[in-house]
Each structure stands twice: as C-alpha cells, then as structure tokens.
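Worksheet for the structure shown next.
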Amino acid sequence: MADFAADLPEVTKDDIVYMRPYKRRIHKSAERGRSIYDMKKLMMNGKKILAVLTLMVMVVCAAAPAVDAADGINATGSRQRASDGYYSYTVATGYRGSGLNMAAGAEYFGQWGFGYGNPTAKASSPKSGGLGDAYHAYGVITVDFDTKWRAN
C-alpha cells in the first residue's frame, strides 16, 4: 500500500487554485444559457403583447369613424316621376373630417336600386308604371336596412 501512495504525484495548493477559474467559467456559461432562455421567453411574450396592442389600435381606428359618422349623415328620399313611370330616388351624404364611403338604397314596388359614393351616394330604383310607396335606406360602406324609411 505504501508503494501505491508513493507513485501518486504530490498535489500542491497551486494545483487547487488553478481549478477555481474553470469552475467559475462553467457556472457563468450555465447562467448565460439561462439568460438566453429568459430572453427568448420575454421576446415571445413581447410579440404577443405587441400583436394585441396592434389589433386594438386597428379596431379603434376603424370603428371610431363609423361611430362618429352617424351624426354627420344627411339622407333624403322621394318618389320621382318619369315619362315611363315612377321610381324611388335616395341621396345620402356623409362628411365628418373627411368624406365617408356612403351607400344608398331606393325601393319601389319591391325592387331595390343601390348607389355608392364618397361622400355622396345616389340611388334610384327601377321604374314602375304604378303609383306606390317609395322606401329609402342608407349606410356607411354598405346599406343598413335598419335606417329604412318611407317617403313619397
């Protein structure tokens, strides 16, 4: 047994000191790997938050002009006479800060005619020989049939 211990090299304090920087490097690389993982996680969450905020801004920017436009719309309608019969005629104008994409609809004897314009939309229905009620409707971008009214 004594011969075995005599064959081993002698370990000095300097040998132990040289091992400390190696251990520090291992510890730092493990920390670095963890921080990279945390950064990836933060980036993914940041992308989600940014996407939600972008969608919210888009909804607000798209819906606000349509909501504000309800106060700035003028619509008129009447039954008109032509040489070959009567028809319904509707004019809708919308202007709030800038011209709105308006839509107008005119109905006479169940037949609708539509018109689109910015900021004024004009619509006339097909002509009919009989005398009846003229109906009108308007909307922003598309005709909203909840705004339908009768005017002769």
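The values are calculated or read from the model by the stated rules, or taken from the named source; none is laboratory data. Just so we're clear, the structure is a prediction, and the values are computed from it rather than from any experiment. Cβ sites come from the backbone with ideal geometry, for glycine too, and all protein chains shown count toward neighbours. Ligands, DNA and RNA are excluded from the accessible area calculation, which covers all protein heavy atoms including side chains. Shrake-Rupley method; radii C 1.70, N 1.55, O 1.52, S 1.80 Å.
Could you sort T54, T76 by their accessible area in this structure, using a 1.4 Å probe and putting the largest first?
T76, T54
Given a Förster distance of 30 Å, report the FRET efficiency between T54 and N74 from their Cβ-Cβ distance, rounded to the nearest 0.05.
Using R0 = 30 Å, I get an efficiency of 0.30.
So, taking all protein chains as they sit and a 1.4 Å probe, how much accessible area belongs to V57, in Å² rounded to tens?
Roughly 90 Å² of V57 is accessible to a 1.4 Å probe.
Sort 102-109, 134-141 for me by packing, meaning the mean count of neighbouring Cβ atoms within 10 Å per residue, highest on top. Write down the numbers at each step before the final one.
Values: 102-109: 24.6, 134-141: 22.4.
Peptide ranking by packing, descending: 102-109, 134-141.
Keeping all protein chains in place and using 1.4 angstrom, which order do L53, L42 fall into by accessible surface area, from largest down?
Correct descending sequence by accessible area is L42, L53.
For a Förster distance of 41 Å, can you work out the FRET efficiency between the beta-carbons of D146 and K47, rounded to the nearest 0.05?
That pair, D146 with K47, gives E of 0.55.
Using a 1.4 Å probe on the protein heavy atoms only, what accessible surface does K148 show? Give it in Å² to the nearest 10.
100 Å²
Heads up, I need the accessible area for M56: 1.4 angstrom probe, whole protein in place, Å², nearest 10.
About 110 Å², ignoring ligands and nucleic acids.
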